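The values are calculated or read from the model by the stated rules, or taken from the named source; none is laboratory data. No experiment lies behind these values; they were computed from the predicted model shown. Here the Cβ is made from the backbone with ideal geometry for all residues, glycine too, and neighbour counts use every protein chain on show.
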Amino acid sequence: MGNTRMFGPRKVEKGLFQRLRSLNWLIIAITMFIAATGTAMLYSVAGGEFEPWASRHIMRFGFALVIMLIIAVTDIRYWMAFAYPAWIAGMILLILVEFVGDVGMGGQRWLDIGFMRIQPSELMKIAVVMALARYYHARTFVQSRRLPALFLPLLLIIVPAALVIRQPDFGTGLTIIAGGIIIMFLAGLPGWLFAAGGVAVAAAVPVVWQTMKDYQKDRVLTFLNPEADPLGAGYQITQSKIALGSGGMTGKGFLEGTQSHLNFLPEMKTDFIFTVLVEEFGLIGALTVLLLYGSVLMYGLLIGIGCRNQFGRLMASGLAMTLFFYILINIGMVMGLMPVVGVPLPLISYGGSAMLTWAIAYGLILSVATHRHVTLAPKGSGLA
């Protein structure tokens with residue numbers, strides 16, 4: 001994992017090249033391999049052509065990789081100072097989506113900034129984790145467990161999640177809430193609060209059901225019984241299960257997937273790209289990709305566990321779990337274990353916002369790894 005003794009007794013700063021050398025390049029290489037797998041799948045989806053998706057995927061990953069490395073070598077104290085401004089900036093972007101956002105795929109979720117479209121809800125996943133990590137960094141374990149200390153964290157989670165669900169984007173809103181809950185749990189909140197929250201969520205289900213749009217209700221009903229309308233609402237899940245099962249142990253071979261190349265699968269380049277992968281490379285290919293994801297996520301959790309400062313500990317662990325939920329929701333969705341909520345598979349699905357989210361999140365995790373022995377200033381010292 002490289003030399004992480006960034007600050008000794010004399011607090012000697014490393015130079016840029018030393019910080020780059022200290023990064024875990026094995027983990028970065030695994031990330032590059034996952035992105036290369038995405039390029040291959042997009043090449044396949046396009047019928048053996050780099051245009052229009054695979055070539056853009058490569059360019060986007062190149063840009064994202066640079067962003068990830070810049071974030072990784074930047075002092076963690078800057079990211080702690082930037083935590084609350086990042087949340088505020090994310091909220092401004094979410095509010096702008098309400099008024100000038102682009103409509104696509106059944107929701108108003110994107111902002112057109114000229115050279116690209118961004119999805120602010122994706123970036124908000126990171127901003128919420130950063131803001132909560134900074135909040136709990138400035139409080140002791142006892143202070144964090146007091147009921148008045150719950151108000152601001154719940155505000156930091158609920159307000160952006162509500163705006164995202166309103167777009168509507170239930171999957172991303174759920175990921176924001178899950179990431180926030182993980183941070184609160186790691187900060188030491190008592191278990192009875194989470195139990196009470198679970199009861200409150202269960203009680204709110206009838207109310208939420210009444211506010212859901214018709215297509216969202218159809219997705220839930222389809223999840224419960226996809227065979228009820230196999231040619232209508234259940235078409236996506238039915239075709240996805242057929243493709244997953246037909247892949248067998250080793251798959252049909254690269255560019256040989258029948259469900260995908262005969263256009264039976266919907267949204268192949270985004271939501272259902274994992275199905276294409278399994279059909280062509282089988283169970284072995286699926287387990288290989290999951291193992292790569294697992295190794296990268298486990299590294300993030302281990303960095304969080306081993307971090308000396310509370311901000312880095314919570315941020316690295318929270319971001320790793322947020323990325324885990326990202327992957328869990330997509331794979332659970334295409335397997336019929338969860339409702340279809342439109343969550344892409346990071347680094348493999350086509351989409352710039354999801355890739356940028358991964359790059360920023362993992363850049364921050366690598367920054368924590370580089371600075372995990374740093375003792376950050378407590379509250380009242382200027383940066384906390």
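Can you tell me which of Ala320, Ala286 is of a type in the set (Gly, Ala, Ser), closer than 17 Å to Ala243 by Cα and assigned to a helix (DSSP H, G or I)? Even if it seems obvious, please write down each step before you answer.
Numbers: Ala320 fails: closer than 17 Å to Ala243 by Cα.
Selected residue: Ala286, the only one of Ala320, Ala286 that is of a type in the set (Gly, Ala, Ser), closer than 17 Å to Ala243 by Cα and assigned to a helix (DSSP H, G or I).
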- request: Could you please tell me which pairs satisfy a Cβ distance under 7 Å, a separation of 6+ or placement on different chains, a first residue in the range 77-88 that is not aromatic (Phe, Trp, Tyr), and a second residue that is not in a helix (DSSP H, G or I)?
  value: Arg77/Leu376; Arg77/Leu383; Met80/Leu376; Met80/Leu383; Ala81/Leu383
task: Could you grab the pairs with beta carbons closer than 6 Å, sequence gap of 6+ or different chains, first residue in the range 167-193 and in contact (Cβ under 8 Å) with a residue 12 or more places away in the chain and crowded, with 18+ Cβ neighbours inside 10 Å, second one assigned to a helix (DSSP H, G or I) and among the hydroxyl-bearing types (Ser, Thr, Tyr)?
output: Asp169/Ser121; Thr172/Ser121; Gly179/Thr322; Leu186/Ser317; Ala187/Tyr136; Ala187/Ser144
In the range 263-283, the residues that are in a loop (DSSP other than H, G, I, E, B), among the aromatic types (Phe, Trp, Tyr) and within 20 Å of the chain's Cα centre (by Cα): Phe272
- prompt: Looking at this structure, is Ala36 without any contact (Cβ under 8 Å) to a residue 40 or more places away in the chain and under 22 Å from Gly300 (Cα atoms)?
  reply: yes
Count of residues meeting criterion [in contact with a His (Cβ under 6 Å, 6 or more places away or on another chain) and either buried (at least 24 other Cβ atoms within 10 Å of the Cβ) or farther than 27 Å from Arg139 by Cα (or both)] in the range 293-314: 1
query: Is at least one residue of the range 139-150 among the aromatic types (Phe, Trp, Tyr) and closer than 16 Å to Gly318 by Cβ?
result: no
Considering residues of the range 194-240 that are charged (D, E, K, R) and either at pLDDT 75 or above or within 24 Å of Thr258 (Cα to Cα) (or both) only, the residue surrounded by the fewest Cβ atoms within 10 Å (Cβ to Cβ): Glu227
message: Among the residues in the range 209-217, are any farther than 22 Å from Ser317 by Cα and of a type in the set (A, V, I, L, M, F, W, C)?
response: yes
- request: Report those helices (runs of 4 or more DSSP H) wholly inside the range 49-156 carrying at least 2 residues which are in contact with a Gly (Cβ under 6 Å, 6 or more places away or on another chain) and within 16 Å of Ala354 (Cβ to Cβ).
  value: 54-73, 120-137
- prompt: Of the conditions (1) among the polar types (S, T, N, Q); (2) surrounded by fewer than 20 Cβ atoms within 10 Å (Cβ to Cβ); (3) in contact with a helix residue (DSSP H, G or I) (Cβ under 7 Å, 6 or more places away or on another chain), Ser55 fails just one. Which one is it?
  reply: (3)
